[in-house]
Amino acid sequence: MPESCTSEFFTDEAVAIYGEQGFFLPLRMFAAEGVAELRAHLEAAEARQGSLTGKNRSAKYHLLMTWLDQLVRHAGILDAVEKLLGPDILCWGTALLIKEPGDGTHVSWHQDLNYWGLDPADVTTAWLALSPATKETGCMRMMAGSHLVHYAHRDTDDPSNLLSRGQTVADDLDEAAATYIELQPGEISLHHGNMAHASGPNSGSERRIGIAIRYLAAHVRPTDGPDSALLVRGQDRYRNFEAETSPAEDFDPAAMAEHDRVMALRQAVLMAGV
Ligand code: NI
């Protein structure tokens with residue numbers, strides 16, 4: 001894990017902004033050397049495993065790769081998340097969100113908690129950019145205040161939509177009011193689990209690489225059957241989720257077995273999402 005972390009203070013004012021709009025950005029977590037180190041880890045894993053992205057977006061890769069296990073426990077990120085969720089924090093998922101230049105992939109408007117099977121909504125995503133996330137490269141866009149609204153969703157059939165079932169907000173949204181979540185490499189945004197968000201295709205010339213980390217307050221409950229999560233800070237007094245185990249080495253047999261076990265649980269609960 002890079003040592004040159006430069007986590008910024010997530011001020012009370014910033015927390016209040018998050019409460020009002022449902023997201024906050026940017027918070028710088030890594031300097032250029034740290035970004036390069038993380039990107040090297042990710043690209044080495046791609047060289048070994050093939051594509052790490054695609055439709056299975058809730059893949060919990062932090063249970064397979066030690067560098068990602070360390071990232072989900074990163075003190076600067078957790079310090080920010082603690083201000084939103086309190087001192088007892090579970091990591092429920094990671095997603096590697098990679099859009100190759102010109103691949104046409106996009107994400108339709110949706111609210112994650114519409115289909116994640118979690119309650120209450122004390123759920124936040126930290127989204128770390130490892131390459132520029134801009135309007136051109138297909139960064140997320142979000143609808144301020146939408147975390148306080150529940151929209152009806154419908155499934156769509158569009159292979160370029162990265163969501164597993166093409167889940168899409170059925171209501172008309174005022175897209176002109178959306179905020180583009182532009183991040184420089186090493187910066188994170190935070191967004192509420194109920195935030196309406198979407199992203200367009202990458203029309204730039206560089207890969208757009210993001211890592212989304214899903215955090216829950218320990219009192220959150222799975223609503224659709226048994227589920228699992230990894231304690232990353234504080235204590236789990238609730239035991240609402242089966243405890244997960246961190247990998248000792250990348251892709252070692254025990255880690256692969258643990259990943260298979262928890263993904264089977266997850267598949268039974270939902271059909272994956274972003
Ligand atoms: Ni999403």
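The values are calculated or read from the model by the stated rules, or taken from the named source; none is laboratory data. Remember, it's a predicted structure, so these values are computed and weren't measured experimentally. Positions of Cβ are backbone-derived with ideal geometry, glycine not excepted, and every protein chain shown enters the neighbour counts. In case anyone asks, the SASA skips ligands and DNA or RNA and just uses the protein heavy atoms, side chains included. Shrake-Rupley method; radii C 1.70, N 1.55, O 1.52, S 1.80 Å.
Out of curiosity, is Ser199 open to solvent by less than 40 Å² (accessible area, probe 1.4 Å), away from the ligand (no atom under 16 Å from the Cβ), under 13 Å from Ile98 (Cα atoms) and not hydrophobic (A, V, I, L, M, F, W, C)? Here the answer is no, as Ser199 does not meet what is asked. Residues in the stretch 205-232 that are open to solvent by 10 Å² or more (accessible area, probe 1.4 Å) and among the polar types (S, T, N, Q): Ser205, Thr223. In the stretch 5-16, the residues that are within 9 Å of Ala80 (Cα to Cα) and open to solvent by less than 50 Å² (accessible area, probe 1.4 Å) reach residues that are modelled with pLDDT of 70 or more and of a type in the set (Asp, Glu) with C-beta atoms within less than 8 angstrom, at least six apart or across chains, in these pairs: Phe10/Asp79. Out of the residues in the stretch 45-94 that are among the hydroxyl-bearing types (Ser, Thr, Tyr) and out of contact with any Pro (no Cβ under 6 Å at 6 or more places or on another chain), state the one that is farthest from Gln267 (Cα to Cα). Among them, the one singled out is Ser51. If you take the residues in the stretch 141-152 that are part of a loop (DSSP other than H, G, I, E, B) and within 14 Å of the ligand (Cβ to nearest atom), which one is nearest to Ala32 (Cα to Cα)? Among those residues, the one meeting the criterion is Met143.
Here's the yes/no breakdown for (1) under 22 Å from Gly19 (Cβ atoms); (2) at pLDDT 95 or above:
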| residue | (1), (2) |
| --- | --- |
| Asn114 | yes, no |
| Met142 | yes, yes |
| Tyr151 | yes, no |
| Asp157 | no, no |
| Ala170 | no, no |
